[in-house]
Amino acid sequence: MKNLKIGDKLTRIPLIQGGMGVGISLGRLAGSVAKEGGIGIISTAQIGYREADFDADPEKANLRAIDSEMKKARAISPDGIIGYNVMTALKEHAAHVKAAVKAGADIIISGAGLPTDLPALTEGSRTKIAPIVSTDKSANVILKYWDRKYNRTADLVVIEGPEAGGHLGFKKEEISEYTPENYGEEIRRIIQTVKKYGEKHGVEIPVVVAGGIYDSSDVKRVLDLGADGVQVATRFVTTEECDADIKYKEAYINASQEDIRIVKSPVGMPGRAILNPLMKRVADGVRIPHTPCHRCLAKCSPADIPYCITDGLINAVKGNVEEGLLFCGAKAWKAQKIDTVREAVQELFA
């Protein structure tokens, strides 16, 4: 079995479990994946939603939960590789990165924008850093910026393709234009760009591919393109160890391929989710009343949004699937049953 080598870190299998907010990938899921030899990732997006003071002070609740969820993961996998996904688009991005480093993150993966300040925020720590990119252009931009400003490069690069779940790094029209064949060529171009910066800095930068990786045939396809590993998120939602409510998991199992749609985030970014009553009302132009602002995304204007993404994601993770935002990858409809992380890993690398 191929390993992922990230600096001084070595996995047993070439797998990263993708970060899923709000509350979908917390300590239990991340620790369980790390225990199986992959890299477990905790999402910091509104991670403190279950804290008693979340409504009154979401920033403090989130910072506290960043620490406590790592402790849960470490209790499951003391020696595993565990990190965080910290979205660049978060209002508290910098504070979350610093809290993740303090909590002992082995790696921080950051997308939803270009994480230009990630090297500065992690300077002096042993935490590895990895940008998420979707095109060769974005890979060039972030790696060139880090090279020129910090004289360093990435420890890992995640390529997130058009079949991913949640917020996507493409314009809506681009998503339909990409096919497995022409996006495969984009992946090859990104790998070459990353290799160029690795050679300049005298290091090997592993590249993993995310988006639409559901079974062993998907894994083989991207490894054959030259990737070093895969990042998988949707496949782990329907595991016993996933931190979401059982009704969230059942929504995947009950979804048909036609139920999975490209939706518009309140901040204008395209995303992929299961069509449900909430999303139907939003598509019809209905404005959904929302709770007071929980200060999640930097570019959100509470007075202008059609619905609150924090409200939608918290409803979903708690099991209110009618009123929740059910983010998912393009192949969520393939889910048939609830199984374990171990069984999911075995299927991916059969």
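The values are calculated or read from the model by the stated rules, or taken from the named source; none is laboratory data. These numbers were taken from a predicted model, which means no experiment stands behind them. Reconstructed Cβ throughout: ideal geometry from the backbone, glycine too, with neighbour counts over all protein chains shown. We work out accessible area using only protein heavy atoms, side chains counted, and drop any ligands, DNA or RNA first. Shrake-Rupley method; radii C 1.70, N 1.55, O 1.52, S 1.80 Å.
Which residues' amide hydrogens lie under 5 Å from the amide hydrogen of residue 260, considering only partners 5 or more residues apart or on another chain, with H built in the peptide plane?
275
Of the lysine pairs in region 204-350, how many meet both conditions: Cα atoms under 14 Å apart, and a spacing of 8 or more in sequence or different chains?
Pairs that pass both the separation and distance tests number 7.
Give the calculated FRET efficiency between residue 116 and residue 342 to the nearest 0.05, with a Förster radius of 25 Å applied to their Cβ-Cβ distance. Each step should come with its number before you reach the end.
Values: r = 38 Å, r/R0 = 1.52.
With R0 = 25 Å, the Cβ-Cβ based efficiency is 0.05.
Which residue fluctuates the most in the chain, going by a Gaussian network model with Cα springs under 10 Å, if the choices are 85, 315, 182?
182
Roughly how many Å² of residue 275 are accessible to a 1.4 Å probe, to the nearest 10?
Only protein atoms counted, so the area is about 50 Å².
Decide, for region 195-350, between rounded, prolate and oblate: order the square roots of the alpha carbon gyration tensor eigenvalues as a ≥ b ≥ c, take rounded if a/c falls under 1.5, and otherwise choose prolate if a/b is larger than b/c, else oblate. Kindly include the intermediate steps, with their values, before the conclusion.
Details: a/c = 2.31, a/b = 1.43, b/c = 1.62.
Oblate shape, in that a/c is at least 1.5 and b/c is the bigger or equal ratio.
Mind checking which lysines have their Cα closer than 22 Å to the Cα of residue 102? Skip sequence neighbours fewer than 8 apart in that chain.
Counting by Cα, and skipping residues close in sequence, residue 102 has these lysines nearby: 9, 35, 60, 71, 72, 91, 128.
Of the candidates 293, 242, 328, which one comes out as most mobile in a Gaussian network treatment of the chain with C-alpha springs shorter than 10 Å?
293
Can you give the extra length, in nm with one decimal, that the chain gains between residue 150 and residue 196 once fully stretched, where that is 0.36 nm per residue apart less the Cα-Cα distance? Walk me through the numbers before you get to the answer.
Numbers: separation 46, 0.36 × 46 = 16.56 nm, distance 1.69 nm.
Full extension of this stretch gives 14.9 nm more.
For region 96-112, in order, what is each residue's ³J(HN,Hα) by Karplus, 6.51 cos²θ - 1.76 cosθ + 1.60 with θ = phi - 60°, in whole Hz (x at glycine and Pro)?
These are the phi-based 3J(HN,Hα) values: 5, 4, 5, 5, 5, 4, 4, 6, x, 4, 6, 8, 10, 10, 9, x, 6 Hz.
Among the aspartates and glutamates, which have Cα under 19 Å from the Cα of residue 196 when same-chain residues fewer than 8 positions away are ignored?
By straight Cα distance, residue 196 reaches 136, 147, 155, 185, 186, 204, 228.
Students often get this wrong, so try it: which of [x] 15.7; [y] 20.5; [z] 17.2 is mean projected area of the Cα convex hull in nm² as calculated from the structure shown?
Among [x] 15.7; [y] 20.5; [z] 17.2, the one derived from this structure is [x].
If each of residue 50 and residue 3 carries a label point 7 Å out from its Cα toward its Cβ, how far apart are those two points in nm?
Each label point is offset 7 Å from its Cα along the Cβ direction, giving 3.4 nm.
For a quick check: with amide H placed at 1.01 Å from N, whose amide H comes under 5 Å from residue 6's, ignoring anything fewer than 5 positions away on the same chain?
11
Using only the alpha-carbon atoms of region 1-90 as identical scatterers, what base-10 log of I(q)/I(0) does the Debye formula give at q = 0.18 Å⁻¹?
Once normalised to I(0) and log-transformed, intensities are -0.73.
Run the simple label-point estimate for residue 171 and residue 301 please: 7 Å along Cα→C-beta, distance reported in nm.
For the pair residue 171/residue 301, the computed spacing is 2.1 nm.
Pop out the ³J(HN,Hα) list for region 188-204 in order, Karplus 6.51 cos²θ - 1.76 cosθ + 1.60 with θ = phi - 60°, rounded to Hz; leave Gly and Pro as x.
4, 5, 4, 4, 5, 5, 4, 4, 4, 6, x, 5, 4, 9, x, 9, 9
Just to confirm, what accessible area per residue do you get for region 157-315 at 1.4 Å probe, in whole Å²? Write down the numbers at each step before the final one.
Numbers: 7310 Å² over 159 residues.
Value returned for region 157-315: 46 Å² of accessible area per residue.
Using modelled amide H (1.01 Å from N, peptide plane; none on Pro or chain starts), what sits under 5 Å from the amide H of residue 156, excluding residues fewer than 5 places away?
Amide H neighbours of residue 156: 129.
Carbon and sulfur: what percent of the chain's accessible surface (1.4 Å probe)?
Details: 7380 of 14830 Å².
Carbon and sulfur together cover 50 percent of it.
Which log10 I(q)/I(0) values does region 37-127 give at q = 0.14 Å⁻¹ under the Debye formula, counting every alpha carbon as one identical point scatterer?
Ignoring solvent entirely, the Cα scatterers give -0.46.
Per residue and in cubic angstrom, what volume does the convex hull of the Cα atoms of region 266-314 have?
Working: hull volume 4.2 nm³, N = 49.
Hull volume over Cα atoms, normalised by residue count, gives 86 Å³.
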